[in-house]
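Below: one structure, written as C-alpha cells.
Computed from the coordinates by the stated procedures, all read-outs in this text should not be read as laboratory data. Computed from a prediction, not measured in an experiment: that's the story for all the values here. Here Cβ is always computed from backbone atoms with ideal geometry, including for glycine, and neighbour counts include all displayed protein chains.
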There are 2 protein chains.
Amino acid sequence: MAQANPNFVFRALADPTRRALFEELTRQGEQTVHALTRYAGVSQPAVSKHLTVLKRAHLVRHRRDGRQTHYRAEPAALAPMLDWLDQYGAFWRERFDRLEKVLERMEP
Amino acid sequence: MAQANPNFVFRALADPTRRALFEELTRQGEQTVHALTRYAGVSQPAVSKHLTVLKRAHLVRHRRDGRQTHYRAEPAALAPMLDWLDQYGAFWRERFDRLEKVLERMEP
DNA sequence: ACAAACCATAACCATTCGGTTATGGTTCGA
DNA sequence: TCGAACCATAACCGAATGGTTATGGTTTGT
C-alpha cells in the first residue's frame with residue numbers, strides 16, 4: 001500500500017482548491033489537467049502544482065496519454081487521516097465503556 | 001453545535017504541533033498552557049497561538065481559572081472533517097458509521 | 001506589598017504557500 | 001512539416017505561517 005506520510009495528507013487537504021480538485025476527481029472520475037483547469041478557476045500552472053502536492057500525498061495518480069495527462073483520485077490514500085481519526089473513536093469507545101463490543105468489528 | 005468553517009478545521013489540523021496538542025488534550029484531558037508548553041517543545045507564545053488556531057476551529061475550549069487557563073479538546077468539532085470524508089466510497093462506510101455514532105454520544 | 005508565575009499579545013523574522021507570467025518539451029492535427 | 005495544444009517547470013511576488021523575544025496584565029504566594 002505504501003502509505004504516505006500522514007502530514008502530507010493533512011497538508012494537502014488543508015487547501016480548499018486542492019480539496020475541490022480531489023472532490024471533482026472523485027465525482028467525475030479521471031480528468032485531464034486541461035479540464036481540471038477550467039474547473040478550478042485558477043491558472044494551469046497553479047493546477048499542476050496543486051496536483052503535485054496531491055500526488056506527494058498519494059491522493060491522486062496520473063497517466064500520461066500523448067500530450068495530455070489524466071489524473072484520478074486515490075481515495076484509499078485517505079487512510080492515514082482515517083487512522084488518525086480512529087484514535088479518537090477508540091478513545092471515546094473506551095470512555096463510554098463500549099470498548100469490547102466495538103473492538104470485535106474493528107478490523108475489516 | 002455551531003459548526004466551524006470546515007476550512008478552519010482542516011487548516012488547524014494540518015500542522016503537526018497542533019495535532020500533537022489536540023491529541024495530548026484528548027488523551028490526558030484538560031491542561032494548562034504551562035503544561036502544554038512543556039509538552040510541545042516550543043515557546044509558550046507559540047503554544048498560545050496554536051491554541052488560538054484550534055479555538056477558531058472549535059477544536060478546543062478554554063476555561064480561565066485565576067492566572068491559569070485550562071484547555072480541553074472538543075472532539076465533536078471533528079464533525080466537519082468526518083462529513084467531508086463521508087463522501088468517499090462505500091468501502092469506508094462502516095468505519096464512518098462507527099465513528100459518527102461515537103461522535104453523536106459526545107454531544108447530546 | 002511585591003516578586004514571581006501564568007498567559008496573551010505585539011513586534012519581528014525567515015520560510016512556505018498559492019498565485020502569477022514566461023518558457024520549453026512533446027504530441028497532435030491540418 | 002509546422003503551428004497549435006497540452007503540460008510541467010522555472011522565476012518571481014505578496015501574503016500567510018510558524019517560530020522567536022519582548023512586554024504587559026492578572027493573579028498567587030510569601
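Data for the structure
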| quantity | calculated |
| --- | --- |
| Relative packing of B:18-24, B:81-87, which averages over residues the other C-beta atoms within 10 Å, highest first | B:18-24, B:81-87 |
| Protection proxy ranking, peptides A:7-14, B:29-36, average beta carbon neighbours within 10 Å, highest first | A:7-14, B:29-36 |
| Efficiency of FRET from Cβ geometry, residue A:38 and residue A:65, R₀ 22 Å, rounded to 0.05 | 0.75 |
| Inter-label distance, nm, simple model (7 Å from Cα along the C-beta direction), residue A:5/residue B:56 | 2.4 |
